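A short write-up of the structure that comes next.
No value in this document is a laboratory result; all are computed from the given coordinates. This one's a predicted model, so the numbers in the text were calculated from it and none came from an experiment. Note that each Cβ is placed from the backbone with ideal geometry, even for glycine, and that neighbours are counted across all protein chains shown.
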Amino acid sequence: MAKRDFYEILGVAKNSSEDEIKKAYRKLAMKYHPDRNPDNKEAEEKFKEVKEAYEMLTNPEKREAYDRYGHAGVDPNMGGGGGGGFGGFGDAFGDIFGDIFGGGGRGRSSGPQVYRGADLRYNLEITLEQAAHGFDTTIRVPSWDKCDTCHGSGAKPGTQPVTCGTCGGHGQVRMQQGFFSIQQTCPKCHGTGKIIPEPCPSCSGAGRIKRNKTLEVKIPVGIDNGMRIRSTGNGEPGTNGGPPGDLYVEIHIKPHTVFQREGDDLHCEMPISFAKAALGGEIEVPTLDGKVSFTIPDGTQSGKTFRLKGKGIKGVRSGYPGDLFCHVAVETPVKLTDKQKDLLREFERSTTEGGAKHSPQTKSFMDKVKDFFE
Ligand SMILES: [Zn+2]
Ligand SMILES: [Zn+2]
């Protein structure tokens with residue numbers, strides 16, 4: 001019997017992409033899958049044919065050989081789904097559906113499933129100073145101890161847990177959804193494989209008692225908002241002897257009254273008097289390590305930014321600290337006395353007499369306005 005053309009079998013064009021081939025295969029494989037067509041010889045043959053065509057055309061080397069030499073170009077012993085056996089469901093579909101089902105990996109072992117405990121998150125609020133300098137602290141976190149009353153079995157003293165009748169102690173049941181057959185955690189025993197007819201009064205059948213414990217946490221220098229510190233094994237306990245989860249301490253930095261952090265840099269707004277801005281001179285600038293003196297030049301304008309190198313924060317992964325950016329805000333004086341007002345009026349007269357040279361920005365602006373109206 002002559003073999004049919006692989007492209008024809010899948011109903012795709014000779015130049016179709018791998019995605020198109022996969023899509024076509026998925027459609028046909030669903031149609032002819034033996035799970036869906038029990039005792040149907042014809043469907044079984046079709047499924048084999050489709051599978052072989054798919055395997056050939058998704059293998060770049062084989063596809064090239066087939067395109068050149070036809071069926072003679074590909075080793076007939078390599079195809080055919082390995083001599084008639086279908087293997088398990090995952091065998092036929094693993095390649096395509098693996099990514100949908102999260103890679104599989106859930107073994108079909110007998111006996112109750114072992115589960116890793118859930119991870120826990122602890123939100124820790126710290127100040128910017130603590131983040132910049134690092135510090136050690138303690139936090140209270142939940143912990144679980146084996147129940148003294150039942151010694152961890154969860155059963156009332158004098159009674160025993162019994163094997164779950166729903167899953168026969170496997171902790172897993174097979175569910176039929178459409179033509180999919182899926183293994184699921186047993187809904188009756190939640191995967192433990194056991195049922196406790198008379199729960200322990202101390203722990204309500206959990207076998208463990210929730211307590212609190214104190215944990216030391218080292219906050220590294222330069223930690224930033226949203227970063228997490230992992231404490232291995234301090235999450236919830238596992239099930240059926242599975243390993244515990246981890247505890248994550250997530251850092252939340254409180255807003256600072258003076259500084260805003262941007263990565264390793266700090267920003268602050270620095271109000272200075274109008275006279276100081278005009279005359280220049282020394283100003284005191286706050287940093288996280290105390291005040292430092294800084295000289296501003298005369299004629300400093302509002303909005304001018306001064307950069308203090310190395311006065312930022314040394315980040316967790318940085319070799320050197322960031323910078324502090326000081327944004328000058330010239331403050332207009334308020335609540336002036338009559339005498340101060342007189343002084344300012346006199347001052348204003350003297351600068352006006354001096355012409356535009358004292359206020360180049362105003363002059364330039366007025367020139368633009370003039371041009372605009374003409
Ligand atoms: Zn107990
Ligand atoms: Zn069960």
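Summary table below
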item: In Hz, Karplus ³J(HN,Hα) per residue of the range 231-238 (6.51, -1.76, 1.60; θ = phi - 60°; x = Gly, Pro); result: 10, 4, x, 9, x, 6, x, x
item: Cα-derived Rg over Rh, computed across the range 255-301 with Rh taken as Kirkwood radius; result: 1.03
item: Local electrostatic count, P142, Cβ distance below 10 Å [Lys/Arg +1, Asp/Glu -1]; result: +3
item: Among L344, G207, G299 - extreme Cα towards positive end, dipole of the chain, charges at beta-carbon; result: G207
item: For peptides 12-18, 216-222, sequence by mean Cβ density within 10 Å, most packed first; result: 216-222, 12-18
item: Inter-part distance where the range 6-43 and the range 303-333 are each reduced to a Cα centre, Å; result: 64 Å
item: Whole-Hz couplings from phi, Karplus 6.51/-1.76/1.60, listed for the range 185-197; x for Gly and Pro; result: 4, 4, x, 7, 9, 6, x, 7, x, 10, 10, 9, x
item: Inter-centroid distance (Cα atoms) of the range 262-277 relative to the range 175-235, Å; result: 50 Å
item: DSSP beta bridge pairing in the chain, given as percent antiparallel to the nearest 5; result: 75 percent
item: Of K31/K188; K218/K304; K304/K339; K27/K194; K339/K363; K218/K291, pairs whose Cα-Cα distance is over 32 Å; result: K31/K188; K218/K304; K27/K194
item: Using alpha-carbon coordinates, inclination of helix 18-32 to the longest axis of the chain, degrees; result: 40 degrees
item: Net charge dipole size for the chain [Lys, Arg +1 and Asp, Glu -1 on Cβ; Debye, nearest 20]; result: 980 debye
item: Tilt relative to the chain, helix 360-373 - C-alpha long axis, 0 to 90 degrees, to 10; result: 70 degrees
item: Of L324, M270, H33, farthest towards positive along the dipole that unit charges on Lys, Arg, Asp, Glu beta carbons give the chain; result: H33
item: Helix 60-69 axis, angle to the chain major axis (alpha carbon atoms, nearest 10°); result: 60 degrees
item: Spatial extent of the chain: Rg and Dmax, with the Cα atoms as the point set, Å; result: 37.6, 115
item: Phi to ³J(HN,Hα) by Karplus 6.51 cos²θ - 1.76 cosθ + 1.60 over the range 34-44, Hz, x for Gly, Pro; result: x, 4, 9, 10, x, 6, 10, 4, 5, 5, 4
item: Check: the range 150-244 dipole with +1 on Lys, Arg Cβ and -1 on Asp, Glu Cβ, in debye; result: 100 debye
item: Radius of gyration, Dmax [the range 107-240; alpha carbons; angstrom]; result: 20.5, 60
item: Residues whose placed amide H lies under 5 Å from that of G242, excluding near-sequence neighbours; result: Y115
item: Nonlocal amide H pairs with K156, under 5 Å, H built at 1.01 Å; result: E198, C200
